[in-house]
Structure formats: structure tokens, C-alpha cells
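Below you'll find the structure, written out as C-alpha cells, and then a few comments.
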Amino acid sequence: MEKFDLEHWWKASFAGGVALAVAAAAIGHNALLLIGVGFVCFGIGEWFNRPIQQGLHVGNGMRGIVTSYPWRPKPFGIIMDALGIVLFCIGVYRLIFI
């Protein structure tokens, strides 16, 4: 597994969700806890759906390795994305209406 850094938005979603979930659990706020866990699940799903892809680029007399993270959906990643969206929506609903 690649080194964990917040270079990509899906990793930031995971880290932010963890921070929000821990803070919400500490104060006992269930709606924010659901939102945080939703961000965590969505971040994990996107992490699985965006594998690293590297290739050699040759052009204009220059060579180099190009790194990208194309979206390549996998069943586990799609399930985690869907779970994250559902948990986030339930949390927002509870935050606003309950």
C-alpha cells in the first residue's frame, strides 16, 4: 500500500471523517458521528477505486514517469461509496430535522 499522505482528496476525506467521528463520539453527537463515518467510508471507497497508475512519457526530447489515479470502480469501492453517501445523508437529515 502506498504511503499515507493527504495529497489526494479521498485521503483527506478519510482523515477528516476520522477526526469528525472521534470528536462527535467524544461529545456524544450522533448526527455528526454518522456524517464523520460517512466521510470515512466514502474516502475508503474512493481510495480503492483510484489505484495508482504509472507510465513512461516520452515527448519533446524529454522522458519521465507520469503518475495518475484514474477512477477504476471495484465492487468493494462502490459499496463503500454508497454506504458513505447513505450515512452522510442520514446524518445531515438528523442534524437538520431531529
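Report, to the nearest 10°, how far helix 75-97 tilts away from the longest principal axis of the Cα atoms in the chain, using its own Cα long axis and a range of 0 to 90°.
Tilt of helix 75-97: around 40 degrees.
Share of Cα-Cα pairs in the chain beyond 20 Å, in percent?
Tail of P(r) above 20 Å: 47 percent of Cα pairs.
Once the other residues with Cβ under 12 Å from the Cβ of PRO73 are scored (Lys, Arg +1; Asp, Glu -1), what is the net sum? The partial results should precede the final answer.
Values: positive: ARG50, ARG72, LYS74; negative: GLU46, ASP81.
Local charge sum for PRO73: +1.
Bear in mind that the values in this text are calculations on the coordinates, not laboratory data. Just so you know, these numbers come straight off a predicted model, no measurement behind them. Cβ atoms come from the backbone with ideal geometry, glycine included; neighbour counts cover every protein chain shown.
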